[in-house]
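The values are calculated or read from the model by the stated rules, or taken from the named source; none is laboratory data. All values derive from a computational prediction rather than experimental measurement. A quick note on method: Cβ atoms are made from the backbone with ideal geometry, for glycine too, and the neighbour counts reach across all protein chains shown.
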Amino acid sequence: MIIFKVENLVKYFGGLAAVNNVSFEVQKGEIFGLIGPNGSGKTTIFNLISSYFPVTSGRIYFKDQDITAFKTHKICKAGIGRTFQVVKPLGRLSVLDNVIAAAFARVQTKHEARDLALETLEFCGLAHRKEILAKSLPIGERKRLEITRAMATKPELLLLDETAAGLNPSELDTAIDLILKIQDRGVTIIIVEHIMKVIMTISDRIHAINFGQTIAHGSPEEVANDPAVIEAYLGEEYAHR
Amino acid sequence: MKKYAPFLLLFILIIFPLVIQNSYYQHLMILVLMWVVIGSGWNMIAGYTGQVSFGDAAFFGTGAYTAGLIASKLGLSAWWGMAFGGFTAMAVAFPFGWICFRLRGAYFALASLALNEICRHIATIWEDLTEGMVGILIMPSFLSKIPYYYIALALAVMSVLMVQIVMNSKWGYYFLSIREDQDAAESLGINTHHYKMISLNIAAFLTGMAGSLFMNYMGFIDPEVVFSLHDISIMAILVGIVGGVGTIYGPVVGAFVMVAVHEFFRTGFFGFFKGLAALTGSEHLTVAAKYIGQAHVLGFGILVVVVILVLPNGIVGDWGKIIRKVIPMKTKGVTT
């Protein structure tokens with residue numbers, strides 16, 4: 001079942017096409033990888049989906065509903081959570097309060113919000129840090145807080161924007177475990193990632209873009225062996241070996 | 001101990017006018033309580049929601065004029081202003097917030113400054129309605145200060161409780177999220193524009209109520225008094241900053257300190273310069289004594305610099321720091 005779909009997405013910044021005619025469909029329950037070199041438009045696609053800026057043209061559908069014109073907060077309420085590549089912790093609040101604020105998207109009373117937040121912190125492995133101010137967390141745990149906060153809004157679709165970047169190898173393994181655990185809960189995931197170890201191991205399907213345009217899509221093996229992808233990452237001479 | 005401090009303070013405030021019969025001190029305490037209300041309102045929008053407002057006088061003046069006009073135009077008691085003042089202030093806040101919350105940070109602050117000036121000019125120029133610079137004079141209802149004192153106290157307690165209840169609810173978490181990161185807040189399903197409006201309207205309501213109280217108590221208002229940038233808007237910010245931005249009891253402490261500082265300057269250091277001039281017979285000191293009373297804005301400026309350097313989180317916010325500074329001094333004093 002297709003849960004999420006973008007059709008002919010286009011975004012111009014002035015005369016520059018940051019995203020140019022990108023279309024893809026995401027199946028319910030899968031991990032969908034979005035890859036591409038720096039500046040290829042991955043984060044822009046996320047920002048278009050979560051409506052941080054308006055699309056130039058194209059349509060976005062979630063659960064057969066056209067959400068292109070939804071405001072950012074309504075996108076969240078509709079069931080799409082996201083994390084930020086440049087983490088945005090609510091710095092002077094405790095980790096727990098960060099997650100409680102998110103939990104209020106689904107529950108009304110403080111008691112319920114606290115319960116949901118504690119449960120989510122436990123699930124994401126951040127419960128031992130709950131009393132600490134978010135700004136004093138190290139980067140690895142800040143990334144984890146981003147995921148925890150998004151999970152507390154009970155999303156059906158989760159957009160992960162480079163949540164593995166800047167992590168050390170052992171943190172990387174726990175991050176992968178967490179993402180797979182989230183998938184087990186039935187949450188569909190779209191992940192933007194540079195670290196190939198992560199994206200190749202966990203993605204069910206991958207969509208590769210460069211200069212805002214689709215260059216390949218398919219299973220991780222297919223995409224990894226695609227000449228256009230190799231060219232985009234390593235340069236033309238490697239593509240034809 | 002800390003848990004009972006608010007109740008102790010409330011008890012002291014309740015018995016204060018019965019113990020201290022001096023009407024000058026009672027007058028100062030009424031002002032302090034009024035500033036607790038205004039400071040709590042400012043703290044709500046600026047301290048907790050992070051939308052710094054330089055325009056509190058717009059709401060204060062609207063509340064004051066509501067009470068004044070009810071008395072002068074409709075011939076009713078000015079106390080009706082207490083019922084409507086908060087709502088007319090919200091009526092000013094609503095369109096202002098609707099438009100200006102598209103601005104962020106310093107730009108919103110500048111817009112609120114403009115709102116302050118617009119209101120002051122309207123009140124000055126629209127003489128048919130407001131009597132312009134002549135102002136509005138009403139007969140005070142009570143000769144004694146004690147009724148005013150208890151009304152102000154009730155209003156102050158209501159404001160502090162209101163802030164406390166709101167900050168413990170969903171709204172409170174949403175306000176803090178908006179302060180910390182507006183983009184992150186949006187991604188968590190928070191309609192930031194909507195919740196900024198709620199916060200601003202709570203602030204406007206409290207400030208408008210304080211304005212109505214001011215009209216009833218002082219018996220006289222004119223645009224320069226109630227729409228004053230430095231005596232109302234800036235003073236509200238100082239009450240917040242000195243007491244502690246984003247703390248429940250910050251405005252309470254800030255109101256005490258700022259009313260004292262304001263009075264200190266207004267009276268020329270409690271008549272110190274006047275006394276000195278009379279004692280020495282120096283002409284220069286006589287002139288200085290005259291001007292020092294008008295220099296309180298300069299004093300405010302210096303105070304802000306000192307507070308931001310020494311206590312960036314205000315007296316309540318940095319209370320732990322103050323205690324640590326004081327206690328080693330004490331122990332040192334004991335050993336030597």
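Does B:D183 satisfy being at pLDDT below 95, within 14 Å of chain A (Cβ to nearest Cβ), in a helix (DSSP H, G or I) and over 22 Å from the mean Cα position of the chain (by Cα)?
Yes: the conditions hold for B:D183.
Checking the structure you have, find out if any residue of the stretch A:29-44 is within 14 Å of chain B (Cβ to nearest Cβ) and either in contact (Cβ under 8 Å) with a residue 60 or more places away in the chain or touching a helix residue (DSSP H, G or I) at 6+ places or on another chain (Cβ under 6 Å) (or both).
Within the stretch A:29-44, one or more residues are within 14 Å of chain B (Cβ to nearest Cβ) and either in contact (Cβ under 8 Å) with a residue 60 or more places away in the chain or touching a helix residue (DSSP H, G or I) at 6+ places or on another chain (Cβ under 6 Å) (or both).
Can you tell me which residue in the stretch A:45-92 is nearest to A:G29 (Cα to Cα), limited to those that are more than 10 Å from chain B (Cβ to nearest Cβ) and part of a strand (DSSP E or B)?
Looking at the filtered set, the residue picked out is A:F62.
Pick from B:T62, B:T49, B:T66, B:T88: which is closer than 22 Å to B:N191 by Cβ and within 19 Å of the chain's Cα centre (by Cα)?
On inspection, the qualifying residue turns out to be B:T49.
Taking B:H193 as meeting all but one of (1) surrounded by fewer than 23 Cβ atoms within 10 Å (Cβ to Cβ); (2) touching a residue at least 60 places away in the same chain (Cβ under 8 Å); (3) closer than 29 Å to B:V32 by Cα; (4) within 14 Å of chain A (Cβ to nearest Cβ), write down the number of the exception.
(3)
Given the options B:L200, B:L161, name the one that is touching a residue at least 12 places away in the same chain (Cβ under 8 Å) and more than 14 Å from chain A (Cβ to nearest Cβ).
B:L200
Could you tell me which residue of the stretch A:131-172 is farthest from the other protein chains (Cβ to nearest Cβ), considering only residues that are hydrophobic (A, V, I, L, M, F, W, C) and over 16 Å from A:A102 (Cβ atoms)?
Only one residue fits best here, namely A:L172.
Return the total of residues in the stretch A:44-67 being surrounded by fewer than 19 Cβ atoms within 10 Å (Cβ to Cβ) and of a type in the set (S, T, Y).
The total comes to 4.
Can you name every residue in the stretch A:93-113 that is surrounded by fewer than 18 Cβ atoms within 10 Å (Cβ to Cβ), more than 9 Å from every other protein chain (Cβ to nearest Cβ) and closer than 21 Å to A:E156 by Cβ?
Selection gives A:E112 alone.
Looking at the stretch A:114-130, is at least one residue at the interface with another protein chain (Cβ under 9 Å from one of its Cβ atoms), among the aromatic types (F, W, Y) and crowded, with 16+ Cβ neighbours inside 10 Å?
Of the stretch A:114-130, the ones at the interface with another protein chain (Cβ under 9 Å from one of its Cβ atoms) are none.
No; the residues of the stretch A:114-130 include none that is at the interface with another protein chain (Cβ under 9 Å from one of its Cβ atoms), among the aromatic types (F, W, Y) and crowded, with 16+ Cβ neighbours inside 10 Å.
List the helices (runs of 4 or more DSSP H) inside the stretch B:1-77, counting only whole elements, that have at least 1 residues being within 13 Å of B:F214 (Cβ to Cβ) and charged (D, E, K, R).
B:56-72
From the list B:F87, B:F108, B:F142, B:F175, which residue is outside any helix (DSSP H, G or I), among the hydrophobic types (A, V, I, L, M, F, W, C) and either in contact with a Phe, Trp or Tyr (Cβ under 8 Å, 6 or more places away or on another chain) or under 23 Å from A:A101 (Cα atoms) (or both)? Outline the logic, then answer.
Numbers: B:F87 fails: outside any helix (DSSP H, G or I); B:F108 fails: outside any helix (DSSP H, G or I); B:F175 fails: outside any helix (DSSP H, G or I).
Only one candidate passes the filter, namely B:F142.
For the stretch A:212-241, which residues satisfy the criterion of being in a loop (DSSP other than H, G, I, E, B), within 21 Å of the chain's Cα centre (by Cα) and crowded, with 16+ Cβ neighbours inside 10 Å?
Residue satisfying the conditions is A:G212 alone.
Can you tell me which condition B:E131 does not meet? The list is (1) surrounded by 14 or more Cβ atoms within 10 Å (Cβ to Cβ); (2) more than 14 Å from every other protein chain (Cβ to nearest Cβ); (3) without any contact (Cβ under 8 Å) to a residue 40 or more places away in the chain, and all the others hold.
(3)
Kindly indicate whether any position in the stretch A:17-29 is touching a strand residue (DSSP E or B) at 6+ places or on another chain (Cβ under 9 Å) and assigned to a loop (DSSP other than H, G, I, E, B).
yes
How many residues are surrounded by fewer than 16 Cβ atoms within 10 Å (Cβ to Cβ) and in contact (Cβ under 8 Å) with a residue 24 or more places away in the chain if we restrict to the stretch A:134-164? Please lay out each step first, then the result.
Kept after step one, since they are surrounded by fewer than 16 Cβ atoms within 10 Å (Cβ to Cβ), are these residues of the stretch A:134-164: A:135-136, A:138-139.
Next cut, in contact (Cβ under 8 Å) with a residue 24 or more places away in the chain only: A:135, A:139.
Qualifying residue count, the stretch A:134-164: 2.
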